[in-house]
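The values are calculated or read from the model by the stated rules, or taken from the named source; none is laboratory data. A quick note: this is a predicted structure, and the numbers were derived from the prediction, not measured. Because the Cβ atoms are built from the backbone with ideal geometry, glycine has one as well, and the counts that use them run over all protein chains shown.
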Amino acid sequence: MTGRERVLRTGSRSRSRKRVAALIAAGVATAFLAACGSSGKGPVTLTWYVFPEPSGSFQTAATECSNDSHGAYDIKLNFLSTSSDQQRVSLVRRLAASDSSIDILAMDVDWTAEFATAKWLRPVPENIAAQIKSQDLAGPVQTATWQNRLWAIPINSNTELLWYRKDLAPSPPTTWAQMIADANHLAAEGKPHYIEEQGAQYEGLTVWFNSMVNSAGGQILSSDNKVVLGRPAVIAASLMRQLAVSKGADPSLNVSMEGPGQVTFQNGTAAFMINYPFVWSATQAGNPKVFKDMGYAPFPAVVPGVPPKVSIGGYNLGISAFSKHPDLAFQAVQCLIQPSNQSRNAIKGGLAPVAASIYDEPAFAKAYPFHQLIKQQLQNYGLRPQTPAYADVTLAIQKTLSPTSNINPNTVVSSLSNKIKLSLSSSALL
């Protein structure tokens, strides 16, 4: 190698080292700016998978909480199906694939055991759990609990009341037997007489049966996951069939869900309805003439003199185990559940609050006149079976009890027990 070649080669290496040093310096500066300049990137997007709440109160809460975070996060709603069953399917597919795009998920209250057992949720931190347990009603808290640990944060609850026409029934029936008898009497007089209930082969049918069983003093599953159907289940199934074959049964009972039942009541052809609080504002907007005679009462007793225990509905907010921003997600949820948001969810959307203090607020009581009935039923509550196999258990119940007019009280308990046992052992293709 000549001297000139050595000079050229040395100069080339020197320039190369300078270029590399410049690139490294630029990289370090970029990394530093990225770490310190989060404001340049904007807030972290937190994706909330939730059912399409029609009043817009969820979107309002998400916008307000995002603004109040001062640039820390921005909550983006991703709407699921209106069907609870389809909501679960969509979430299960994503969570089973460890999809990190989900930060916050709105969970039907009966999914807690399944999602926690599958390790799809982050457990609620102890400090937040203690706060929730101190301020929320006992029923909603229990729906978010599995194996003595809180796995989600309640945002709203739900319980079905009896809604009735005061111009047709001056005094509301106090038992199921009386309600069916009253409907038959109205039918004989040629007056509106239908009893609206959820009899379609879907989750609403399980809710109906479970409420009847719990109200009769029984359970479907014990705490150790054993089938414990017995006399209470016979009483429950017998009353369900009695309604289905009575004159009070809407001809569409076997396909009826919450929404269509409310519309039938609103249109004036029903005298009674078992449904959730959303029907109050919906009927007021849909038919003021029917609304002016609309009354409310506790869920009818299954056994005379025994207070009913109605299956709790509603949603809990879970934080995905695969979220990249769990701490911010928990902060966001604490904002979403604050009392002002819960009150708006109730008044605009008919979604019952979970915080006990809200039920004592005069403004809330005025807008939600049946608030004490809701609170009472959320304190003396019924729960659908808490089991990781709930998806199969509920299908077993739905398939066995549909159509309700075909229920045989003499065989329903043994048939249902066998199907539930198969679903618990994963031996049935449901």
Is segment 156-172 home to any residue that is over 22 Å from Gly295 (Cα atoms) and either surrounded by fewer than 24 Cβ atoms within 10 Å (Cβ to Cβ) or over 20 Å from the mean Cα position of the chain (by Cα) (or both)?
-> no
Hey, any hits in segment 314-329 for a residue that's in a helix (DSSP H, G or I), at pLDDT 95 or above, farther than 20 Å from Glu197 by Cβ and outside the structural domain of Ile128 (by TED's automatic domain parsing)?
-> no
How many residues does segment 238-283 contain that are of a type in the set (A, V, I, L, M), farther than 23 Å from Pro353 by Cα, touching a helix residue (DSSP H, G or I) at 6+ places or on another chain (Cβ under 8 Å) and part of a helix (DSSP H, G or I)?
-> 6
With the condition kept exactly as written, say whether any residue in segment 91-106 is in the same structural domain as Ala346 (by TED's automatic domain parsing), modelled with pLDDT of 95 or more, surrounded by fewer than 18 Cβ atoms within 10 Å (Cβ to Cβ) and in contact with a Lys or Arg (Cβ under 6 Å, 6 or more places away or on another chain).
-> yes
Test: residue in segment 180-200 that is at pLDDT below 95 and within 21 Å of Val413 (Cβ to Cβ) | no
Scanning segment 66-101 residue by residue, those part of a loop (DSSP other than H, G, I, E, B) and over 23 Å from Gly313 (Cα atoms) turn out to be Ser69, His70, Gly71, Ala72, Ala97, Ser98, Asp99, Ser100, Ser101
Expected single match for of a type in the set (Gly, Ala, Ser), within 18 Å of Val279 (Cα to Cα) and assigned to a loop (DSSP other than H, G, I, E, B) among Gly199, Gly204 is Gly199
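Check whether at least one residue in segment 156-170 is under 30 Å from Asp103 (Cα atoms), of a type in the set (Val, Ile, Thr) and touching a Leu at 6+ places or on another chain (Cβ under 9 Å), and report yes or no. Let's see the steps before the verdict.
Here is the first cut: in segment 156-170, the ones under 30 Å from Asp103 (Cα atoms) are 156-159.
Now restrict to residues that are of a type in the set (Val, Ile, Thr): 159.
In the following step, the residues that additionally are touching a Leu at 6+ places or on another chain (Cβ under 9 Å) were identified as 159.
Taking every residue of segment 156-170 in turn, at least one turns out to be under 30 Å from Asp103 (Cα atoms), of a type in the set (Val, Ile, Thr) and touching a Leu at 6+ places or on another chain (Cβ under 9 Å).
Say whether the condition of being free of Cβ contacts under 8 Å to residues at least 24 places away in the same chain and either more than 24 Å from the chain's Cα centre (by Cα) or not assigned by TED's automatic domain parsing to the domain that holds Gly139 (or both) is met by at least one residue in segment 263-270. It would help to see each step written out before you state the result.
Quick first cut of segment 263-270, residues free of Cβ contacts under 8 Å to residues at least 24 places away in the same chain only: 263, 267.
Those left that are additionally either more than 24 Å from the chain's Cα centre (by Cα) or not assigned by TED's automatic domain parsing to the domain that holds Gly139 (or both): 263, 267.
For segment 263-270, residues free of Cβ contacts under 8 Å to residues at least 24 places away in the same chain and either more than 24 Å from the chain's Cα centre (by Cα) or not assigned by TED's automatic domain parsing to the domain that holds Gly139 (or both): present.
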Answer with yes or no whether Val393 is aliphatic (A, V, I, L, M), assigned by TED's automatic domain parsing to the domain that holds Val213 and at pLDDT 95 or above.
-> yes
Cβ pairs under 6 Å, 6+ apart, first in segment 170-183 and in contact (Cβ under 8 Å) with a residue 12 or more places away in the chain, second buried (at least 16 other Cβ atoms within 10 Å of the Cβ) and among the hydroxyl-bearing types (Ser, Thr, Tyr) | Pro172/Tyr164; Ile180/Ser246
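In segment 102-156, what count of residues is obtained for those that are among the basic types (Lys, Arg), outside any loop (DSSP other than H, G, I, E, B) and under 26 Å from Lys76 (Cβ atoms)?
Of the residues in segment 102-156, the ones among the basic types (Lys, Arg) are 119, 122, 133, 149.
Pick out the ones that are also outside any loop (DSSP other than H, G, I, E, B) and you get 133, 149.
With the extra rule that they be under 26 Å from Lys76 (Cβ atoms), the set shrinks to none.
Total satisfying the criteria: 0.
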Every pair of residues 6+ apart whose Cβ atoms lie under 7 Å, when the first sits in segment 285-304 and is under 26 Å from Ser238 (Cβ atoms) while the second is in a loop (DSSP other than H, G, I, E, B) and of a type in the set (A, V, I, L, M) | Val302/Ala216; Val303/Ala216
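Give the residue, chosen from Ser405, Ser357, Ser340, that is surrounded by fewer than 20 Cβ atoms within 10 Å (Cβ to Cβ) and either assigned to a loop (DSSP other than H, G, I, E, B) or touching a Leu at 6+ places or on another chain (Cβ under 9 Å) (or both). Spell out how you get there, then give the answer.
Values: Ser357 fails: either assigned to a loop (DSSP other than H, G, I, E, B) or touching a Leu at 6+ places or on another chain (Cβ under 9 Å) (or both); Ser340 fails: either assigned to a loop (DSSP other than H, G, I, E, B) or touching a Leu at 6+ places or on another chain (Cβ under 9 Å) (or both).
Testing whether each residue is surrounded by fewer than 20 Cβ atoms within 10 Å (Cβ to Cβ) and either assigned to a loop (DSSP other than H, G, I, E, B) or touching a Leu at 6+ places or on another chain (Cβ under 9 Å) (or both) leaves just Ser405.
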Restricting attention to segment 51-90, report how many residues are surrounded by 14 or more Cβ atoms within 10 Å (Cβ to Cβ), over 23 Å from Ala118 (Cβ atoms) and modelled with pLDDT under 95.
-> 2
